[in-house]
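Chemist: Could you have a look at this structure, given as structure tokens, before my questions?
The values are calculated or read from the model by the stated rules, or taken from the named source; none is laboratory data. Values in this document were obtained by computation on a predicted structure and should not be read as measured data. All Cβ positions, even for glycine, are placed from backbone atoms using ideal geometry, and neighbour counts span all protein chains on display. All accessible areas refer to the heavy atoms of the entire protein, side chains included, with ligands and DNA or RNA removed. Shrake-Rupley method; radii C 1.70, N 1.55, O 1.52, S 1.80 Å.
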Amino acid sequence: MQILRSLYNWTMELAKNPKVIWLMGCVSFIEAIFFPIPVDPLLAILVLNNKQKYIELTIFCTLASVIGGLVGWLLGYVIGEEIEELLTIIPWIKNDSFNTVKTAFDKHGILIIFLGAFTPLPFKIISVTSGVFHINIVAFFVMSLIGRGLRFFLVSLIVKNFGDQGIYLLKKHTFIISSLFGIILVILYFVFV
């Protein structure tokens, strides 16, 4: 437990450095392509230490993530055929499964992009897959901007308004909160579309 407290204190001190915003931007960018660790905790700590700059931090984090998502989309678009071929030779991935995912993207790509951008679904998979399936790049950009923006603004507003208790709330309940919100959006999508 002492190690976690030390890491937390070190991160809080690091968050006071004005150049740490670039670290957050880099993490946000690469997390949208391949990096396995989400940027949300770093954003939360930066907002906790710089509450008056929460809007700038959130916009920067959102834009870095969306730009990273566009790079992921481009990678999927350019090497999509190779990815498809690779997936079809993996024994546990059946061609029918791949075609089911492709059909889902064809029918509900915009919803899938938004859910990947907002919920705990790995955005990196959504960004690359959107390129593989040639989802319209403008639609991808818009839905990524909306989804990532809402997600990161929600994190920032909770931390700005509730401080350490907000970080605790996010740590404990982010998955549940964003998943419930995602389920509600899916229901609304199918009711109204």
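Chemist: Just one of the numbered conditions (1) buried (at least 19 other Cβ atoms within 10 Å of the Cβ); (2) without any contact (Cβ under 8 Å) to a residue 24 or more places away in the chain; (3) among the hydroxyl-bearing types (Ser, Thr, Tyr) is not true of Thr103; which one?
Modeler: (1)
Chemist: Given the structure, is Ser127 touching a Phe, Trp or Tyr at 6+ places or on another chain (Cβ under 6 Å) and surrounded by 21 or more Cβ atoms within 10 Å (Cβ to Cβ)?
Modeler: Numbers: touching a Phe, Trp or Tyr at 6+ places or on another chain (Cβ under 6 Å): yes; surrounded by 21 or more Cβ atoms within 10 Å (Cβ to Cβ): yes.
So Ser127 fits the description; yes.
Chemist: Which one of the conditions (1) touching a residue at least 40 places away in the same chain (Cβ under 8 Å); (2) surrounded by 16 or more Cβ atoms within 10 Å (Cβ to Cβ) does Leu157 fail to meet, given that it meets all the rest?
Modeler: The single condition Leu157 does not satisfy is (2).
Chemist: Additional query: What pairs come out if I take residues in region 32-59 that are under 18 Å from Thr119 (Cα atoms) and pair them with residues that are of a type in the set (Phe, Trp, Tyr) and open to solvent by 20 Å² or more (accessible area, probe 1.4 Å) whose C-beta lies under 7 Å away, six or more apart or interchain?
Modeler: Thr58/Phe153
Chemist: Checking Ile135 against (1) farther than 15 Å from Ser28 by Cβ; (2) open to solvent by less than 50 Å² (accessible area, probe 1.4 Å); (3) part of a helix (DSSP H, G or I), which single condition isn't satisfied?
Modeler: Here Ile135 meets the rest and fails (3).
Chemist: Moving to a separate point now. Ser144 - would you say it is among the polar types (S, T, N, Q) and either more than 18 Å from Glu31 (Cα to Cα) or open to solvent by 80 Å² or more (accessible area, probe 1.4 Å) (or both)?
Modeler: No; evaluated as a whole, the condition is false for this residue.
Chemist: So the check is Cβ under 8 Å with 6+ separation or different chains; which pairs have a first residue in region 129-153 that's more than 17 Å from Gly68 (Cβ to Cβ) and a second one that's open to solvent by 20 Å² or more (accessible area, probe 1.4 Å) and part of a helix (DSSP H, G or I)?
Modeler: Phe133/Lys102; Phe133/Asp106; His134/Tyr77; Ala139/Ile110
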